[in-house]
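Shown next, in structure tokens, is the structure this report addresses.
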Amino acid sequence: MGRRTPLYDQHTAAGARTVDFGGWDMPVDYGSQIEEHHAVRRDAGMFDVSHMCAVDLRGNGARALLLRLLANDVGRLTAPGKALYSCMLRPDGGVIDDLIACYLDEKWFRVVVNAGTADKDLAWIREHAKQIGVAVVARRDLAMIAVQGPQARARTGPLLPAACRQAASALGIFFGAPCDEWFVSRTGYTGEDGYEIALPAEEAPAFWQALQSAGVRPCGLGARDTLRLEAGMNLYGSDMDETVSPLESGLAWTVVLEGNRDFVGKEALVAQKAAGVARKLTGLLLLERGVLRSHQKVLAGAAGEGEITSGTFSPTLERSIGLARLPAAAAGQVEVDIRGRRLPARIVKPPFVRNGRALIEL
């Protein structure tokens, strides 16, 4: 038996099918993954993301700590509540984890890390934090609920505590706001608008039920994966890990090499960029019937071979899509080995879908 979130009883009562995910018993679906996917693209759905870990960094050195640990530049965060996405790297440039960091004030940043990497992330952060006197507090007292979709904010806003409603309604994209013991951010992992809400664990079941009564559909990990892949978002452990750098993972846009800031992994990334990045992460659209899956071989002609890192059937596009790590020279059409059959696929630039709209030519 894995760890359980404060909403576990709500999932089982609703008939959810649960699986182990990063050591947690999590709902994969509530009956129809496809219907849950469409609910998010067309209306509003909610996900229990309490298995992820919010971490508060407090002290005068909080910004300096993240300037050192993140490949993206938190020096750019000057407006209270502004957040950014970044990778945290090993000295050799491998990705320890990807996370969101939010600036609240000069003595308080909040980061949210992945469930399966939380223990190693905390150990890594604490090792560096003790050198500059920053307190690292894992907020396991909080539950987290993501409400996503074109109607997500409209359905969620009236249900928030009075102290949160005005702050939530005024949030820009990729901003967050604390209100009493709650924290509301306009972030997500689906390619749709919405909120991610951290709240005291004991208050989560009632809030979940209120959202469901307001027409927000419970959704599991299955729909979360098809939604994030349509949105071209990486999954840690599949599309990147400690063996690859962000430059090989479609995440060069999250890396700031300019300037004098020295962060862990910078030297390795500078060298890799100077030598020429040999591999790239790109999107694939399968041109015939079949389903792309992780670890399938991709043949890119004279450029060489690569591998699918994430693949699925896209409910929105009604086609199979995937992310693949390919030789940098790969272009145009490739072939994917699916159970011994070589099926044609076209290289495309992610995202595939954003805000309910197809962004690639079918």
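The values are calculated or read from the model by the stated rules, or taken from the named source; none is laboratory data. Not measured: the values here are computed from a predicted model. As a convention, Cβ positions derive from the backbone with ideal geometry for all residues, glycine included, and neighbour counts pool all protein chains shown.
If you go through region 145-156 and keep only what is touching a helix residue (DSSP H, G or I) at 6+ places or on another chain (Cβ under 6 Å) and either under 15 Å from Leu199 (Cβ atoms) or surrounded by fewer than 19 Cβ atoms within 10 Å (Cβ to Cβ) (or both), you end up with just Val147. Scanning region 304-323 for residues that are under 23 Å from Ser249 (Cβ atoms) and among the β-branched types (Val, Ile, Thr) yields Ile308, Thr309, Thr312, Ile321. Which members of region 233-267 meet the condition of being surrounded by fewer than 21 Cβ atoms within 10 Å (Cβ to Cβ), of a type in the set (A, V, I, L, M) and more than 22 Å from Ala330 (Cα to Cα)? Within region 233-267, Leu235, Val256, Leu257, Val264 meet the criteria. Taken together, the residues in region 305-334 that are over 18 Å from Arg279 (Cβ atoms) and outside any loop (DSSP other than H, G, I, E, B) amount to 7.
From the list Ala152, Ala135, Ala123, pick out the single residue that is among the aliphatic types (A, V, I, L, M), farther than 25 Å from Leu77 by Cα and more than 16 Å from the chain's Cα centre (by Cα). Lay out the reasoning, then the answer.
Working: Ala135 fails: farther than 25 Å from Leu77 by Cα; Ala123 fails: farther than 25 Å from Leu77 by Cα.
Step by step, each of Ala152, Ala135, Ala123 is checked, and only Ala152 is among the aliphatic types (A, V, I, L, M), farther than 25 Å from Leu77 by Cα and more than 16 Å from the chain's Cα centre (by Cα).
Applying the set (1) over 18 Å from Leu251 (Cα atoms); (2) of a type in the set (S, T, N, Q); (3) buried (at least 16 other Cβ atoms within 10 Å of the Cβ) to Gln333 leaves exactly one unmet item: (3). Scanning region 165-188 for residues that are buried (at least 16 other Cβ atoms within 10 Å of the Cβ) and either over 25 Å from Val74 (Cβ atoms) or among the hydroxyl-bearing types (Ser, Thr, Tyr) (or both) yields Arg165, Ser185, Thr187. When restricted to residues that are touching a Ser or Thr at 6+ places or on another chain (Cβ under 9 Å) and at pLDDT 95 or above, region 344-356 contains 7.
The set of residues from region 92-144 being part of a loop (DSSP other than H, G, I, E, B) and surrounded by 22 or more Cβ atoms within 10 Å (Cβ to Cβ) comprises Gly93, Thr117, Val134.
Could you tell me whether Ala129 is in the same structural domain as Asp43 (by TED's automatic domain parsing), of a type in the set (A, V, I, L, M) and touching a Gly at 6+ places or on another chain (Cβ under 9 Å)? Give the steps one after another, and end with the answer.
Numbers: in the same structural domain as Asp43 (by TED's automatic domain parsing): no; of a type in the set (A, V, I, L, M): yes; touching a Gly at 6+ places or on another chain (Cβ under 9 Å): yes.
Spelling it out, it is not the case that Ala129 is in the same structural domain as Asp43 (by TED's automatic domain parsing), of a type in the set (A, V, I, L, M) and touching a Gly at 6+ places or on another chain (Cβ under 9 Å).
How about region 171-228: which of its residues are out of contact with any Phe, Trp or Tyr (no Cβ under 7 Å at 6 or more places or on another chain), in a loop (DSSP other than H, G, I, E, B) and among the β-branched types (Val, Ile, Thr)? If the condition is that a residue be out of contact with any Phe, Trp or Tyr (no Cβ under 7 Å at 6 or more places or on another chain), in a loop (DSSP other than H, G, I, E, B) and among the β-branched types (Val, Ile, Thr), then Ile173, Thr190, Val216 are the ones that fit. Quick one: Arg339 ticks every box in (1) in contact (Cβ under 8 Å) with a residue 12 or more places away in the chain; (2) within 30 Å of Glu36 (Cβ to Cβ); (3) more than 25 Å from the chain's Cα centre (by Cα) except a single one, so which number is it? Unmet for Arg339, out of (1) in contact (Cβ under 8 Å) with a residue 12 or more places away in the chain; (2) within 30 Å of Glu36 (Cβ to Cβ); (3) more than 25 Å from the chain's Cα centre (by Cα): (1). Within region 201-229, the set of residues being touching a residue at least 60 places away in the same chain (Cβ under 8 Å) and within 15 Å of Gly311 (Cα to Cα) comprises Leu221, Gly222, Ala223, Arg224, Asp225, Thr226, Leu227, Leu229.
Of all residues in region 30-64, which are over 17 Å from the mean Cα position of the chain (by Cα) and among the aliphatic types (A, V, I, L, M)? Once the filter is applied, which keeps residues that are over 17 Å from the mean Cα position of the chain (by Cα) and among the aliphatic types (A, V, I, L, M), region 30-64 yields Ile34, Ala39, Ala44, Leu57, Ala62, Ala64.
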